[in-house]
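**Q** I am attaching a structure below and will ask some questions about it afterwards.
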Amino acid sequence: MRTGISIDITASDRIRLEGIVTARSSPQKHVWRARIILLSGDGLGTAAIMTMTAKSKTCVWRWQERFMNEGVDGLLRDKTRPPGIAPLQSVLVDKVVALTLDPP
């Protein structure tokens with residue numbers, strides 16, 4: 001594990017994380033996030049966690065940090081991202097609609 005990083009899992013957090021891992025209806029992304037934290041809490045290093053979860057080092061670090069800052073609830077949601085493509089301007093939409101309605 002990285003220097004200065006220690007993940008202390010309370011009994012209630014451990015029960016909740018184990019519930020996420022064992023529930024058949026849990027989304028897979030929540031399952032591997034919870035497994036990363038459980039393995040971290042058991043004292044395994046980053047390399048071992050990477051091997052057991054098949055996730056990258058930065059991925060392991062990201063979810064460890066998110067858990068330390070926000071707890072279990074932070075693992076169960078994704079951060080919002082800006083859209084990849086900006087919406088078209090209404091002037092351009094009106095122009096395209098007008099062009100499609102006119103005969104060729």
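The values are calculated or read from the model by the stated rules, or taken from the named source; none is laboratory data. Please read all numbers here as calculations on a predicted model, not as lab measurements. For neighbour counting, all protein chains shown are included, and Cβ atoms are generated from backbone atoms with ideal geometry for every residue, glycine included.
**Q** Do any helices (runs of 4 or more DSSP H) entirely within the stretch 25-101 hold 2 or more residues that are farther than 28 Å from residue 12 by Cα, and if so, which?
**A** 90-101
**Q** Then there is this: Determine if the stretch 3-12 includes at least one residue that is surrounded by fewer than 17 Cβ atoms within 10 Å (Cβ to Cβ) and part of a helix (DSSP H, G or I).
**A** yes
**Q** Among the residues of the stretch 74-104 satisfying the criterion of being closer than 29 Å to residue 20 by Cβ and surrounded by 10 or more Cβ atoms within 10 Å (Cβ to Cβ), which is modelled with the lowest pLDDT?
**A** Only one residue fits best here, namely 77.
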